[in-house]
Amino acid sequence: IAGITQAPTSQILAAGRRMTLRCTQDMRHNAMYWYRQDLGLGLRLIHYSNTAGTTGKGEVPDGYSVSRANTDDFPLTLASAVPSQTSVYFCASSVYYEQYFGPGTRLTVT
Amino acid sequence: AQSVTQLDSHVSVSEGTPVLLRCNYSSSYSPSLFWYVQHPNKGLQLLLKYTSAATLVKGINGFEAEFKKSETSFHLTKPSAHMSDAAEYFCVVSPTTSGTYKYIFGTGTRLKVLA
């Protein structure tokens, strides 16, 4: 592993289903983030974590939850997916002001 | 409160001509400012960053940006556009120069480079 990995790469999900997007980093960064990217809206912060064991809400947290059991992993869960959660999701970590991004997960909720 | 405004959603330039992507910010604190680039179907890559040091910041691939506090601007420039510069560019503000805080993204500027 080098940097940040995300899984799956893409997913089509039926509305109402539960889904966990996975994010793993091998850089030992304390801070991690989840963003969603929608056309014309840029990236919007969903949740963040400053260090293992702590999480915080971003700009658009409703319908999403996160956990941070250890430094490397930061999964994002959609408890009951809705079509408005169709988006591209990026995980990121940061150190010394610089953010490092994963390749993204393209999620379509039908 | 912090915010960032990218003044152009689309910019088209001819190959070999200068590039100017405009960004204005608002921050209650001394901000850190960044430009990221995203090529199609890819993640974001840091181009350059300003963190209260030199106001003229040089980045990768010939890009640079100047922090102007009086104008609350952080415009991205490049003297000569290359076809490979075609991408989406995001201006980002962070309200602190230390620690781990929320980054606020602009809505992006899509750069098109014409042959």
Label model pair B:His82, B:His39: point-to-point distance (7 angstrom along the Cα→beta-carbon line) in nm is 1.0 nm
Can you pull out the buried accessible area for chains B and A, both sides counted, probe 1.4 Å, rounded to the nearest 100 Å²? 1700 Å²
Among A:Gly40, A:Gly56, A:Gly16, which one shows the highest mean-square fluctuation when chain A is modelled as a Gaussian network with alpha-carbon springs under 10 Å? A:Gly40
Could you tell me the ratio Rg/Rh of chain B? Both radii from Cα atoms, Rh via Kirkwood. 0.96
Equivalent ellipsoid, chain A (semi-axes from 5 times Cα gyration tensor eigenvalues, Å): 22, 14, 13
Past the 26 Å Cα-Cα mark, which pairs from A:Lys57/B:Lys58; B:Lys58/B:Lys102; B:Lys49/B:Lys112; B:Lys42/B:Lys102; B:Lys42/B:Lys78; B:Lys42/B:Lys68? A:Lys57/B:Lys58; B:Lys42/B:Lys68
Accessible heavy-atom area order of A:Asp26, B:Asp8, highest first, probe of 1.4 Å: A:Asp26, B:Asp8
Starting from the Cα of B:Asp8, step 7 Å along the direction of its Cβ; do the same at A:Tyr96; then give the gap between the two resulting points in nm. 3.3 nm
Measuring from a point 7 Å past the Cα of A:Arg17 along Cα-to-C-beta, which residues in the stretch A:62-92 have an amide N at less than 17 Å? A:76-89
Protein accessible area in the stretch B:3-114, 1.4 Å probe - carbon and sulfur %: 51 percent
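The values are calculated or read from the model by the stated rules, or taken from the named source; none is laboratory data. No experiment lies behind these values; they were computed from the predicted model shown. Don't worry about glycine lacking a Cβ; one is built from the backbone with ideal geometry, like all the others, and counts go over all protein chains shown. Note: areas computed on protein heavy atoms with side chains; ligands, DNA, RNA excluded. Shrake-Rupley method; radii C 1.70, N 1.55, O 1.52, S 1.80 Å.
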